[in-house]
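Enquirer: This structure is in structure tokens; I'll ask about it shortly.
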Amino acid sequence: MADLLEDVPLLDHHCHPVVESELDRAAFEVMMSESYLPDAAGPTAFDSPLGLAIQRWCAPLLGLEPHADPDSYLERRAEIGAEEVSRRMLRGAGPSQLLIDSGLTEEGMIGLDAMRERAGRPVREVVRIEQVATEVLDSGVPEAEFADALAAELAGRSRDAVGLKSIVAYRIGLELPADPPAPSEVAAAARSWKAAGQGGRLEDPVLLRFGIEVGTELAAERGFPIQFHTGFGDPDLVLHRSDPSLLAPIVERLRVRGVDVTLLHCWPFLRQAAHLAAMFPNVYMDVGLAIPHMGIGADRVIAEAMEFVPFGKLLYSSDAYALAELHYLGALLFRRSLGRLIDAWIAEGVLTAARAEDLVAAIASRNAERIYPL
Ligand SMILES: [Zn+2]
């Protein structure tokens, strides 16, 4: 299986574009961390499982020996140029296609067409609900018209998309009421937003819950899954409030509406996510983000998810953001860890090689192909 996994194309159902501005060591190290705070990861971000993985696995893609030191790595990276580095890393990752969250951008970040060229593979878009909601709120639309305006704008922005994403975990956490707010509450909340001078960060529980409701309607109509960020990520989330098990009431409401839910990242709540996926027919999960950041620890991350998740519910994602290296490592480490785990299972007689091959095909792409309107 390790050999099979080396080559099987992976459908990356959640990732972001890369940054192609010239990066000095400080800028590169900031992007190695999920934190936007300076020096969050210690004196050098290379002193981490991710740092070791970049030195070990990415250096050869730049024509260096494995374990090249960080300065030589970055020097060589600059010589080759960010665009060519993107190409090598993205193609090296071996995706079948990329579903890209277009909602988070920063300086030097390339667009979807450029990502398509770098990867040499199809790219599809996933639209962030909260970003569109914030833009509609800030557009000056009268509060009584906000609800209709959001529905129209979200539908328009999602014309070519294949899914929606919610980052409510970053804002107020995942403990949300099952029922959506009444229209009068929504209008009142939109009025308060205006009174507060607009342009702020959307943290109003009524507006956030309403955004998900609008997203649910659209998802039901278009056959979109809704992705929910869960588990670790930026410093602006309170980790225990991003526990996916808190989403159960929303998951049930979406189930009734015929909408699939994909739980992103999930670590350290892999068991909670696997439990939801096992209990609800409309719930899927990935272990993205943790994989590149945990390097050799990816073995345990995947083993923990695989303890209980129904195999038809596990998806692949890199959740790579900004650094092309994260696209490559997300795929490489996922392939290696899953391959080792399944080989151990075969050796123990848990399953046959033929059964294992089918399971790998499902996780690599078939599960995602079933739920996204590709
Ligand atoms: Zn992400």
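The values are calculated or read from the model by the stated rules, or taken from the named source; none is laboratory data. Small disclaimer: the values here were computed from a predicted structure and weren't measured. Please note: Cβ atoms are built from the backbone with ideal geometry, for glycine as well, and neighbour counts cover all protein chains shown. Surface areas here come from the heavy atoms of the whole protein model, side chains and all, with no ligands, DNA or RNA. Shrake-Rupley method; radii C 1.70, N 1.55, O 1.52, S 1.80 Å.
Enquirer: Would you call Asp299 surrounded by fewer than 23 Cβ atoms within 10 Å (Cβ to Cβ) and of a type in the set (Asp, Glu)?
Expert: Numbers: surrounded by fewer than 23 Cβ atoms within 10 Å (Cβ to Cβ): yes; of a type in the set (Asp, Glu): yes.
It is true that Asp299 is surrounded by fewer than 23 Cβ atoms within 10 Å (Cβ to Cβ) and of a type in the set (Asp, Glu).
Enquirer: In segment 55-72, which residues are part of a helix (DSSP H, G or I), open to solvent by 40 Å² or more (accessible area, probe 1.4 Å), more than 16 Å from Leu333 (Cα to Cα) and not charged (D, E, K, R)?
Expert: Ser72
Enquirer: Moving on to the next point. Does Phe28 satisfy the condition of being within 21 Å of the chain's Cα centre (by Cα), away from the ligand (no atom under 16 Å from the Cβ) and surrounded by 15 or more Cβ atoms within 10 Å (Cβ to Cβ)? First the steps, then the outcome.
Expert: Working: within 21 Å of the chain's Cα centre (by Cα): yes; away from the ligand (no atom under 16 Å from the Cβ): yes; surrounded by 15 or more Cβ atoms within 10 Å (Cβ to Cβ): yes.
Considered against the rule, which asks whether it is within 21 Å of the chain's Cα centre (by Cα), away from the ligand (no atom under 16 Å from the Cβ) and surrounded by 15 or more Cβ atoms within 10 Å (Cβ to Cβ), Phe28 comes out as yes.
Enquirer: Just one of (1) more than 17 Å from Ala53 (Cα to Cα); (2) within 16 Å of the ligand (Cβ to nearest atom) trips up His327, so point out which.
Expert: Result: His327 passes all but (1).
Enquirer: Right, here's the next one. Where in segment 290-374 are there helices (runs of 4 or more DSSP H), lying wholly inside it, with at least 1 residues that are within 30 Å of Ser35 (Cα to Cα)? Full working, then the answer.
Expert: Numbers: elements: 290-294, 298-306, 324-347, 353-361, 367-371.
Result: 290-294, 298-306, 324-347, 367-371.
Enquirer: Sticking with this one: Could you list all residues from segment 70-106 that are more than 24 Å from Asp160 (Cα to Cα), of a type in the set (Asp, Glu) and touching a residue at least 60 places away in the same chain (Cβ under 8 Å)?
Expert: Matches in segment 70-106: Glu83 only.
Enquirer: From the list Arg191, Arg241, which one is at pLDDT below 95, out of contact with any Ser or Thr (no Cβ under 7 Å at 6 or more places or on another chain), away from the ligand (no atom under 16 Å from the Cβ) and within 22 Å of His275 (Cα to Cα)?
Expert: On the way: Arg191 fails: within 22 Å of His275 (Cα to Cα).
Just a single option satisfies the conditions, and that option is Arg241.
Enquirer: Given the structure, is Phe308 more than 23 Å from Ser96 (Cα to Cα), more than 13 Å from the ligand (Cβ to nearest atom), of a type outside the set (Ser, Thr, Tyr) and in contact with a His (Cβ under 9 Å, 6 or more places away or on another chain)? Reasoning before the result, please.
Expert: Numbers: more than 23 Å from Ser96 (Cα to Cα): yes; more than 13 Å from the ligand (Cβ to nearest atom): yes; of a type outside the set (Ser, Thr, Tyr): yes; in contact with a His (Cβ under 9 Å, 6 or more places away or on another chain): yes.
So Phe308 fits the description; yes.
Enquirer: Name the single residue, out of those in segment 279-289 being open to solvent by less than 30 Å² (accessible area, probe 1.4 Å) and either in a strand (DSSP E or B) or more than 22 Å from Val123 (Cα to Cα) (or both), that is farthest from the ligand (Cβ to nearest atom). Don't jump to the end; show me each part of the working.
Expert: Just the residues of segment 279-289 that are open to solvent by less than 30 Å² (accessible area, probe 1.4 Å), to begin with: 282-289.
Now drop any that are not either in a strand (DSSP E or B) or more than 22 Å from Val123 (Cα to Cα) (or both), which leaves 282-286.
On the way: Asn282: 21, Val283: 18, Tyr284: 15, Met285: 14, Asp286: 10 Å.
If we take residues in segment 279-289 being open to solvent by less than 30 Å² (accessible area, probe 1.4 Å) and either in a strand (DSSP E or B) or more than 22 Å from Val123 (Cα to Cα) (or both), then Asn282 is farthest from the ligand (Cβ to nearest atom).
Enquirer: If you scan segment 96-125, which residues turn out to be open to solvent by less than 20 Å² (accessible area, probe 1.4 Å) and within 15 Å of the chain's Cα centre (by Cα)? Steps first, please.
Expert: In the first step, residues of segment 96-125 are kept if they are open to solvent by less than 20 Å² (accessible area, probe 1.4 Å); the result is 98-101, 103, 115, 119, 123.
Answer for segment 96-125, where residues must be open to solvent by less than 20 Å² (accessible area, probe 1.4 Å) and within 15 Å of the chain's Cα centre (by Cα): Leu98, Leu99, Ile100, Asp101, Gly103, Val123.
Enquirer: Do the conditions hold for Glu125, that is, is it within 16 Å of the ligand (Cβ to nearest atom), acidic (Asp, Glu) and not in a helix (DSSP H, G or I)? First the steps, then the outcome.
Expert: On the way: within 16 Å of the ligand (Cβ to nearest atom): yes; acidic (Asp, Glu): yes; not in a helix (DSSP H, G or I): yes.
It is true that Glu125 is within 16 Å of the ligand (Cβ to nearest atom), acidic (Asp, Glu) and not in a helix (DSSP H, G or I).
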